[in-house]
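Below is a structure I'd like to ask you about.
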Amino acid sequence: MWRGLWTLVTLTARGPRRASQMHRLPFLFSLRPFTRQGSGAPTPGSGATIFALSSGQGRCGIAVIRTSGPASSHALRSLTAPQDLPRARYACLRLLSDPRSGEPLDRALVLWFPGPQSFTGEDCVEFHVHGGPAVVSGVLQALGSVPGLRPAEAGEFTRRAFAHGKLSLTEVEGLADLIHAETEAQRRQALRQLDGELSHLCQSWAETLTKALAHVEAYIDFGEDDNLEEGVLEQADSQVRELELALGAHLRDARRGQRLRSGAHVVVAGPPNAGKSSLVNLLSRKPVSIVSPEPGTTRDVLETPVDLAGFPALLSDTAGLREGVGPVEQEGVRRARERLEQADLILAVLDASDLASPSSCSFLDTIVTATRAQSSSGSNQRLLLVLNKSDLLPQGGPGPSPELPPHLLLSCLTREGLDGLLEALRKELAAVCGDPSAGPPLLTRTRHQHHLQSCLDALGHYKEAKDLALAAEALRVARGHLTYLTGGGGTEEILDVIFRDFCVGK
Ligand SMILES: Nc1nc2c(ncn2[C@@H]2O[C@H](COP(=O)(O)OP(=O)(O)OP(=O)(O)O)[C@@H](O)[C@H]2O)c(=O)[nH]1
């Protein structure tokens, strides 16, 4: 019975998740225009000079404390001896003292970044002090005693950088992702976004729309005037068509960039005793699940975040799939099936030495059906079949069998086949999450999807417009959504959401 269920839900697995993601951030989609990015948009208390510990908390070799704002040079002079400003952007060794008592605090490297050539665009100072808690708290207290200085709020340095046009909103998001990146693939994607690839792409699309709009407005103003070059409206139409194709391609990326940020759902499933828990423990390099020779040991879904071949994943161990069991195990089997529906990648595990058992046959049957259903439905769900316990097979393995779909041989016991499995996982996860090192930049947030979709909708209105004034307005709306995407418009709400991801000192 569950076989049919799985197949059915395989076809529709993406729908509900998308809906729930949209639901969680409803206010992001009702943006009103506000001051343009980079034009000195106000930040809360932007007149003050802020300071914070920018390196990690706790004892460390070197800690970096920084300031940003007009009183930065005064703060530097107040704490250091000699009191002159060091050469801009050159590290210089200074004695730091408490300006209230004159008590020495540390010998530190000091860097002076006069605005606007600084991270925030304001005057900034960095103190590279010894990372002991007493040194750090002494320097922070000394800075707090300097008039005009106050502790920074979370993300306030970056918010100031955004307000001064140093970073676009997508670059700010890339920076937040870089700080939170836990895997190689996440780091690559974040760095590309921080480098402005997505931002530049949106800007080039916005420029295309500006040209199309100029053509339409010229036609409105001059009509069939001799001075107007021929075919201006046709040019606008072809620019819109090209842009539609480009936006459509990005929107069809199956949310790979978002999966790379949040982690792919990888579900380990199979009949009881196949070695699912052993595989989960092997891949996560920790004892997440109980392993025992008794079939039916795992009865609930056990989840663990892992770095799988450089990609972030949420790995789920599930109850062995079988019929005719007690109520507790039955519930575990129901939950396992539910998890299979949500999986981006299914790791189907079978005991290679027990392929003829009824539970293995029934599971194999299901995999074959599911694989066929996937290829005919165009589903994005991926599947890898792993034949575990290869150490129990006679030399040479089970040999080619027409009944078996493509599979990998593995022994969780001896780890033979693990490298091959990791390589296969890397390929599958690159298909699920996208390759962060190649191809066009991916959309990494629901917000990006929303603005591109809205832009595309507006282009649809352009094509349907009954008169040129309406067509021009549709182009303006479309361009507005691209501007919103890079932070050229928005509300304090969206900025609050994005900057909430930052820690104090960034
Ligand atoms: N020989 C051999 N035994 C293995 C291998 N992998 C797992 N086992 C053994 O197979 C038994 C079942 O392993 P589990 O990892 O608990 O299997 P499971 O699929 O999670 O089992 P359920 O919780 O019942 O669904 C244990 O005794 C493991 O030590 C392997 O590669 N080779």
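Rolling a 1.4 angstrom probe over the protein chains, ignoring ligands and nucleic acids, what is the accessible area of ARG150 in square angstrom, nearest 10?
Counting only protein heavy atoms, ARG150 exposes about 60 Å² to solvent.
Compare THR483, THR210 by solvent-accessible area with a 1.4 Å probe and give them largest first, with all protein chains kept in place. Walk me through the numbers on the way to the answer.
Details: THR483 45, THR210 65 Å².
Result, largest first: THR210, THR483.
Name the GluC sites (Glu not before Pro) in segment 292-359 that are in a loop by DSSP and that have at most 11 other C-beta atoms within 10 Å, would you? Can you show the working numbers first?
Numbers: sites: GLU303, GLU323, GLU329, GLU331, GLU338, GLU341; in loops: GLU323.
The qualifying sites are GLU323.
Find the relative contact order for segment 161-316 and round it to a whole percent, using C-alpha pairs within less than 8 Å whose residues are 6+ positions apart.
Numbers: 162 pairs, mean separation 32.4, N = 156.
Relative contact order, segment 161-316: 21 percent.
From the residues ALA81, PHE113, PRO99, which one has its Cα farthest along the dipole of segment 79-120 in the positive direction, the dipole being from +1 and -1 charges on Cβ of Lys/Arg and Asp/Glu about the Cα centre?
Positive-end residue among those listed: PHE113.
May I ask you to evaluate 6.51 cos²θ - 1.76 cosθ + 1.60, the Karplus curve with θ = phi - 60°, for each residue of segment 282-287 and list the ³J(HN,Hα) values in order in whole Hz, giving x for glycine and proline?
Ordered by residue, 3J(HN,Hα) equals 5, 6, 8, 6, 7, x Hz.
Okay, moving on. Given Cα positions, please report Rg to Rh for segment 275-418, the hydrodynamic radius being the Kirkwood one.
0.94
Here's something else I'd like to know. Can you tell which of VAL125, THR170, SER199 lies farthest toward the positive end of the dipole of segment 117-204, using +1 and -1 charges on the Cβ of basic and acidic side chains (Lys, Arg; Asp, Glu)?
VAL125
Follow-up. For HIS215, HIS461, HIS451, HIS265, write out the residues from largest to smallest accessible area, computed with a 1.4 angstrom probe and no ligands counted. Please report the intermediate quantities before stating the final value.
Values: HIS215 35, HIS461 110, HIS451 5, HIS265 60 Å².
Greatest to least solvent exposure: HIS461, HIS265, HIS215, HIS451.
For an R0 of 35 angstrom, estimate the FRET efficiency from the Cβ-Cβ distance between LEU251 and ARG334 and round to the nearest 0.05.
Between LEU251 and ARG334 the formula returns 0.50.
Just grab the label-to-label distance for GLN235 and ALA356, each label 7 Å out from Cα along the Cβ direction, in nm (one decimal).
Result: 7.6 nm between the two label points.
Would you mind calculating the gained length between LEU109 and GLN453 on full extension (0.36 nm times residue separation, minus the Cα-Cα distance), in nm to one decimal?
Here the segment from LEU109 to GLN453 would lengthen by 118.9 nm.
May I ask you to compute the full-extension gain from LEU392 to GLU423, defined as 0.36 nm times their residue separation minus their alpha-carbon distance, rounded to one decimal in nm?
Values: separation 31, 0.36 × 31 = 11.16 nm, distance 2.32 nm.
This chain segment gains 8.8 nm when fully extended.
Read phi for every residue in segment 337-349 and hand back ³J(HN,Hα) as whole Hz from Karplus 6.51 cos²θ - 1.76 cosθ + 1.60, θ = phi - 60°, with x for Gly and Pro.
5, 4, 5, 4, 5, 8, 5, 7, 9, 9, 9, 8, 10
OK, next. From the phi of every residue in segment 350-358, what ³J(HN,Hα) in whole Hz does the Karplus formula 6.51 cos²θ - 1.76 cosθ + 1.60 yield, where θ is phi - 60° and glycine or proline is x?
Karplus values, whole Hz, x for Gly and Pro: 10, 7, 4, 8, 9, 5, 8, 5, x.
Next up: With charges set only on the Cβ (+1 for Lys and Arg, -1 for Asp and Glu), what does the dipole of segment 228-368 come to about its Cα centre, in debye to the nearest 20?
So the dipole magnitude of segment 228-368 works out to roughly 720 debye.
What FRET efficiency, computed as 1/(1 + (r/R0)^6) with R0 = 60 Å and r the Cβ-Cβ distance, is obtained for LYS211 and THR297, rounded to the nearest 0.05?
0.40
Of PHE363, PHE119, which has the most accessible area with a 1.4 Å probe, and how do the rest follow in descending order? Let's see the in-between values first.
Details: PHE363 5, PHE119 65 Å².
Greatest to least solvent exposure: PHE119, PHE363.
With a 1.4 Å probe and every protein chain left in place, tell me how much accessible area SER55 has, in Å² to the nearest 10.
30
Still on this structure, I have one more. How much accessible area does LYS286 have with a 1.4 Å probe, in Å² rounded to the nearest 10?
About 90 Å², rounded to the nearest 10.
The values are calculated or read from the model by the stated rules, or taken from the named source; none is laboratory data. The shown structure was predicted, so the numbers you read here are calculated from the model rather than taken from an experiment. So basically every Cβ, Gly included, is an ideal-geometry build from the backbone, and we count neighbours across all protein chains shown. Each accessible area value is taken on the protein alone, full model and side chains, heavy atoms only, with ligands, DNA and RNA left out. Shrake-Rupley method; radii C 1.70, N 1.55, O 1.52, S 1.80 Å.
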